[in-house]
Amino acid sequence: MAFTMRTTLRGALALCALGVLASPSLFAAVVVVESTVWANNGHLYNLLANQSATGGNTGLSWTDAENYAASNGGHLATVDSADTQDWIWSQFGSANYNYWIGLTDRVNEGVYLWIGTGLAATYTNWYPGEPNDFNNEDYTLVLRSGFSGGNGLGGGKWNDYQDTTFFYDAEIYAVADMGNAVPEPASLGMLAIGAALLAGLRRRA
């Protein structure tokens, strides 16, 4: 009986290990470049990039960024107010990169929804003439500081774009909202329960 219980325990632990190793976040080349918490909502925001073979940061696609964020409990950022737009821009706006946010019309062309909430956009900050769906553009990026385009306007405006890693003269990073910065008590409780169950299995063996 003891042998059976030990075998079962080892098998369960092995399956858990395989599940962890199979997690996309462990195999992805996505890296967190910066992190900060917004006092207004207590959420942790991460600036994501792709790690090159040489160790530097490069751009990543909207899909890769969202998959990484979702696999770690978050989503690409919802920017549903001018306050949110201004705060994220103040934290992550840069002359070196553009960045993805979570607005997309990939499901229904022309109907822009936030991937994190499923709600339609009521606040937008589009660059003049955007969105224009040029060459099937379904994803929203925030233009880098200093981007002027054809009308002299600076960065911080939104542009719909294809699911790629580079926009004209700069990489595309991503801003993800990872939810509450402090783990919920229920999450900590689940860890304690798991530890207790393993301890019980060992005692019974």
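The values are calculated or read from the model by the stated rules, or taken from the named source; none is laboratory data. If you're wondering where the values come from, they're calculated on a predicted model, not measured in any experiment. FYI the Cβ positions are ideal-geometry reconstructions off the backbone, even for glycines, and counts take in every protein chain you see. We work out accessible area using only protein heavy atoms, side chains counted, and drop any ligands, DNA or RNA first. Shrake-Rupley method; radii C 1.70, N 1.55, O 1.52, S 1.80 Å.
Observations on the model:
- Of the solvent-accessible surface of the range 45-112, computed with a 1.4 Å probe over protein heavy atoms with every protein chain present, carbon and sulfur atoms account for 41 percent.
- For the range 69-155, the solvent-accessible area of protein heavy atoms averages 46 Å² per residue (probe radius 1.4 Å; ligands and nucleic acids excluded).
- Subtracting the Cα-Cα distance of residue 71 and residue 91 from 0.36 nm times their residue separation leaves 4.9 nm of extension gain.
- Simple spin-label estimate for residue 120 and residue 82 in nanometres, 7 Å along Cα-Cβ: 2.2
- Each peptide in 121-128, 133-140 gets a packing score, the mean of other Cβ atoms within 10 Å over its residues, and the list from highest to lowest is 133-140, 121-128.
- A crude spin-label estimate for the pair residue 180 and residue 33, with each label 7 Å from Cα along the Cβ direction, gives 3.0 nm.
- Additional length obtainable on full extension of the chain from residue 132 to residue 51, 0.36 nm per residue less Cα span: 26.1 nm
- Accessible carbon and sulfur surface of the range 125-181 relative to its total accessible area, %, 1.4 Å: 44
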